[in-house]
Amino acid sequence: MHPSAYFSTWNGLPPFGAAELLLLLLSLVAGLATEGVIRLHGTCSRRKPQSRDWTNLLLIPVVVQIIWVGAAFFSLGLIRMVNNGSSFELIFSVLAFGGAPCIITWIAFSMSCVSYAAWICWQLFSALLHSWAIWLVWIGLHIACHLNGWEALLAAMPLVIPLVAFDVNQAMPNSAETFQACYPWRRASGERVIVFYSGYSGPKNRHEIERIVVGAEETLCKVYALLGQEALKFKVMMFLCRDQEQHRKIFSRNHDASAPMASGYAHHDSVSLVYGPWREICRTTAHEFCHIVRRHRISPELLGILDEGLSDYVEEKLFPGGPVPAITLVPNLQVIANTSVFFEWMYTKNPALRGSYCYRHAHAFPDYLISRYGMPQYLELCRVTGASKEPTEGTKLAAAIEQIYGMPITQMEKLWRAAWPGTWTTGQTKLAFEPPDEPHPEGPSF
Ligand SMILES: [Zn+2]
């Protein structure tokens, strides 16, 4: 049946209740599909899954209602300008039935996360269904509200504008929901890891990528063994970017192109770094894997000094030969426990402190604690700190140290610093601070 014939049957009696029910049901399914995708391991790497939080399930139906009811009101106003007696119910029904295909694209969105090809297919499907919806709304208003073509087009605008805006937004580069859908990666799967790499300037031969898969598998097992943790239930995804530029574009959380980048990142269930032969990337891989295992097995959230310290410790244990742990910072542990202090270097192009100083300092702390009190105690410290209800990150660390090691943080820090007399010299000679930057032109410095 031609849709115009279908719409012509609405003349006179719009099934308003049916339209409202359809909209509600479709938007509930869309909310459920979106929530499902976020909860599925390995399909949603760009967003952090929020446990016990069903925001999308409620948010999407509410947003759908607001868009459609709002559009129906605006359309009603526009139609009234041509002195037409169409009712709100009639217009809402036309917009609901005509616009329904758009919500179907939101439901199908969950399938676009799997790969770049699926993402491109979804974009085409979405553009097609949105065009169809726009045409249905137009022809519906044209027939049901007895408007001529131009009047119907004008009356359709309140719904068409948000729909087109949605399409344009989705066509933006980097709007895919998952890392694997962002780029046409090639992939090589192992038993515990999946390696994604760029086909254009990646490995010169297949052996190199096979070496990386084998190396990553072994490294992940060693991380489990070192931390005494059970293997994760999902395959850890490892994204190897063509160059630093691609790494920044797809994975970096800071948008300042001149701010320093870390050599690798750990995301919810994946890691990303720049491609290189195994011997060049093995240390970063071990470091980032440790973050993933920590997140899923020890503590979902953890402050920088404990987390980066542990990752650096694991990295050095598995692949010795990196920068030695050293006490390089003057501020005490309770101050640098704060994320804004510890990661300050990552968010400004003029960091007063290099990231490497913070990392070597952070490395020295678990190195001391683990060699003196053992790994289980340290992991317990991470657990207690991560779960702490203390008001600041500094007080979380202080309270956890007191609980686990039975002494105040100040005393622990004294013992720790005293155990490292040699490294102070290293800190003074090799790690010279950068010359002070130019004063910031826009405001006073504090
Ligand atoms: Zn790290």
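The values are calculated or read from the model by the stated rules, or taken from the named source; none is laboratory data. Predicted model, so just to flag it, every value in this text is computed and none were measured. Positions of Cβ are backbone-derived with ideal geometry, glycine not excepted, and every protein chain shown enters the neighbour counts.
A few points about this structure:
- Single residue of segment 75-86 satisfying the filter (at pLDDT 80 or above and exposed (fewer than 13 other Cβ atoms within 10 Å of the Cβ)) that is nearest to Leu22 (Cα to Cα): Gly77
- Hey, Val341 surrounded by fewer than 14 Cβ atoms within 10 Å (Cβ to Cβ), among the aliphatic types (A, V, I, L, M) and at pLDDT below 90 or not: no
This table checks each residue for (1) touching a strand residue (DSSP E or B) at 6+ places or on another chain (Cβ under 7 Å); (2) surrounded by fewer than 17 Cβ atoms within 10 Å (Cβ to Cβ).
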| residue | (1), (2) |
| --- | --- |
| Cys221 | no, yes |
| Leu227 | no, no |
| Ser270 | yes, no |
| His296 | no, no |
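- Within segment 309-330, residues that are within 23 Å of Ala225 (Cα to Cα) sit with their Cβ atoms under 7 Å from residues that are of a type in the set (Asp, Glu) and within 16 Å of the ligand (Cβ to nearest atom), at 6+ positions apart or across chains, in these pairs: Tyr313/Asp367; Gly322/Glu315; Gly322/Glu316; Pro325/Asp367.
- Taken over segment 185-200, the criterion of being under 12 Å from Leu240 (Cβ atoms), assigned to a strand (DSSP E or B), touching a Lys or Arg at 6+ places or on another chain (Cβ under 9 Å) and not hydrophobic (A, V, I, L, M, F, W, C) is satisfied by Tyr197 alone.
Residue-by-condition table, conditions (1) crowded, with 24+ Cβ neighbours inside 10 Å; (2) part of a helix (DSSP H, G or I); (3) more than 9 Å from the ligand (Cβ to nearest atom); (4) not assigned by TED's automatic domain parsing to the domain that holds Ala225:
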residue	(1), (2), (3), (4)
Tyr265	no, no, no, no
Ile281	no, yes, yes, no
Ile305	yes, yes, yes, yes
Asp312	yes, yes, no, yes
Glu316	no, yes, yes, yes
Pro320	no, no, yes, yes
Pro323	no, no, yes, yes
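- Condition check for Asn169: at pLDDT below 90 and either hydroxyl-bearing (Ser, Thr, Tyr) or not in a helix (DSSP H, G or I) (or both): no
- If you check Ala72, Ala19 for being in contact with a helix residue (DSSP H, G or I) (Cβ under 7 Å, 6 or more places away or on another chain), at pLDDT below 85 and surrounded by 14 or more Cβ atoms within 10 Å (Cβ to Cβ), only one passes: Ala19.
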